[in-house]
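Report on the following structure.
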Amino acid sequence: MFCSFRSAVADARRHGDLYFAALLSQDRIEKCFGAARWLWQGWIYTPAVTVWVFLSQCLSPDHSCRDAVARLIAWRVAGGLKPCSAGTGAYCTARNDLPEEAVHQLMRDTGQQPEDEAPEAWLWHGRKARLVDGSTATMADTPENQAVYPQVKSQKPGCGSPIARILVIFSLSVGTVLEAAIGKYKGKRTGENSMFRELQPALSEGDVVLADRYFSGWCDIALVWQRGIDIVVRKHQLRRTDFRTGKRLGKDDHLVVWSRPQRPPWMSAAQYATLPEELTLREIRIRVPKKGFRTKSLVVVTTLLDGEEYPREEIALSYRRRWEAELHLRSIKVVLQMDRLRCKTPERVHNEFYMHLVGYNLIRSVMALAAHQSGKSPWEISFKGTLQTLNQFLAVLVAAVATETWCAALLTAVASHAVGNRPDRFEPRRVKRRPRPYKLLQKHRHLYTIRDE
């Protein structure tokens, strides 16, 4: 793992490539682009350069096109090349020409490789576990974005922003994004469970899915179980639980049988006929006596029926790790600033969404490398600390004196940014700094006059 990274850094330095070439090589980009890679031959903004500059924009605190182009000019001058134009038009055009499926495939590729190279100790019971969770993201308020991703109906025109629902499948072992989708926030079949059904082909037989109560429907459980995939999910609060019934495995632990419900409207009759009449499931009550936790008790449903191979305590710990999906989403939306996408058309928004996830996966790859070398686990290392370290190290990659020294220093610095071990910490949801006393926008901005102030 470390040797391959070192060789990638050496190759990037030898060819004088841009900063992110050490993490994402030109060959890897062109493989995902297929025949589309020939579209920009001879331009400054080749597919690889466009992707590298786009990545630098997504991972920069500035996030502007001007900052990304300025970074490209600085690199060209440092390498003895002629500076390109400081205008952003050519870059935006090249970025707009990136095929969405190619960027999407790049996201899958960068997410899968770190997990494939992960040591056995990082797996859960020797199996690959997946975290499934959803969130939302807003975008630039343009007519094109509003037409595809309309703002919520409670907001007046000009006062809201287009909003999209996103769903992400994470790897539990290394934290990378394996698959993701973006869609409308409201409407028929736009919920998280509907989006998850579309992404299920990304799962493989033998996987274990950790999810919240949104995915606890009978059909959702049956569909993944039918493909040889196990699931650990919180039971929906409307389902009654009685531990006096079923086959008892231990305290607050039993096997029950759930009968097949009527066919839901979204499922075809042919698919419904393939599902079993009954599902034998395991229910486990988890008690949370810790101060500060809102939930004091919850029931988890799972298809892992063997109480000896999968003890109750380990099921509880695995479900608790489902919270890591929330932390990963926070890293993507807050640290990488993807809570608000800045592109002005839906097609560009999609590429911006997937490119943020490519950048996120590359950071997670470095975290996995650093963890492997230092004898830690990836979830013990700070995501933000890794991003800050990477931004500084990649900026001087071409001028690095010794490649081995550069790699060792980078991974050592990343591994030193450990996440604090603060189990069951209680922090009240309060802020100290007051927001600025600006009035809220209550109608379209151009309708305001000086008198309104």
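Here are the numbers for this structure:
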| quantity | calculated |
| --- | --- |
| Interchain or long-range residues, amide H under 5 Å from Trp124's placed H | Ala129 |
| Residues in segment 160-180 that a label on Leu440 would reach, taking backbone N under 12 Å of a point 7 Å out along Cα→Cβ | 160 |
| Long-range amide H partners of Asp133 with built H, under 5 Å | Val168, Phe170 |
| For segment 281-288, Karplus couplings with θ = phi - 60° (6.51, -1.76, 1.60), whole Hz, Gly/Pro x | 10, 10, 10, 10, 8, 10, 9, 10 |
| Value of Rg/Rh across segment 321-445 [Cα atoms, Kirkwood radius] | 1.07 |
| Debye log10 I(q)/I(0) at q = 0.10 Å⁻¹ for the chain, Cα point scatterers | -0.84 |
| Rounded D (µm²/s) - segment 254-356, Kirkwood Rh over Cα pairs, Stokes-Einstein at 4 °C, 1.567 mPa s | 72 |
| Within the accessible area of the chain (1.4 Å probe), percent carbon and sulfur | 52 |
| At R0 = 22 Å, FRET efficiency that the Cβ-Cβ distance of Val77 and Gln392 yields, to 0.05 | 0.70 |
| Net lengthening on full extension, Ser85/Ser259 (0.36 nm per residue, minus Cα-Cα) | 56.1 nm |
| Base-10 log of normalised Debye intensity for segment 107-162 (one unit scatterer per alpha-carbon) at q = 0.31 Å⁻¹ | -1.20 |
| Rounded to the nearest 10 Å², the accessible area of Glu309 at probe 1.4 Å | 100 |
| Helical mean residue ellipticity (222 nm; -39500 (n - 2.57) per DSSP H run of 4+; nearest 500) of the chain | -12000 deg cm²/dmol |
| Those GluC sites (Glu not before Pro) in segment 45-148 that DSSP places in a loop and that have at most 16 other beta carbons within 10 Å | Glu117 |
| Segment Arg433-Lys153, length gained on full extension (0.36 nm per residue, minus Cα span) | 97.7 nm |
| Rg ratio (alpha-carbon, reference 2.2 N^0.38 Å) - segment 197-264 | 1.21 |
| ³J(HN,Hα), Karplus 6.51/-1.76/1.60, whole Hz, each residue of segment 359-365, x for Gly, Pro | x, 4, 5, 5, 5, 5, 5 |
| Set Lys82/Lys384; Lys344/Lys443; Lys251/Lys333 screened for pairs whose C-alpha atoms are more than 28 Å apart | Lys82/Lys384; Lys251/Lys333 |
| Where the Cα pairs of segment 184-326 fall when distances are cut into 5 Å bins, in % | 2, 8, 18, 22, 22, 14, 10, 4, 1, 0 |
| Dipole magnitude of segment 88-224, debye to nearest 20 (Cβ charges: Lys/Arg +1, Asp/Glu -1, about Cα centre) | 800 |
| Vicinal HN-Hα couplings computed from phi for segment 87-97 (Karplus, 6.51 cos²θ - 1.76 cosθ + 1.60; Hz; Gly/Pro x) | x, 9, x, 5, 5, 5, 5, 5, 5, 5, 7 |
| Cα coordinate range in segment 30-132, projected on the principal axes (Å, largest first) | 54, 31, 27 |
| Average accessible surface area per residue within the chain, 1.4 Å rolling probe, Å² | 52 |
| Contact order relative to length of the chain, as percent, for alpha carbon pairs under 8 angstrom and 6 or more apart | 17 |
| Distant-in-sequence amide H partners of Val174 (H built 1.01 Å from N, under 5 Å) | none |
| Pairwise centroid distance, computed over Cα atoms, of segment 209-229 with segment 250-329, Å | 9 |
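The values are calculated or read from the model by the stated rules, or taken from the named source; none is laboratory data. Quick caveat: nothing in here was measured; it's all calculated off a predicted structure. For neighbour counting, all protein chains shown are included, and Cβ atoms are generated from backbone atoms with ideal geometry for every residue, glycine included. Protein only, heavy atoms only, side chains kept; ligands, DNA and RNA dropped before computing areas. Shrake-Rupley method; radii C 1.70, N 1.55, O 1.52, S 1.80 Å.
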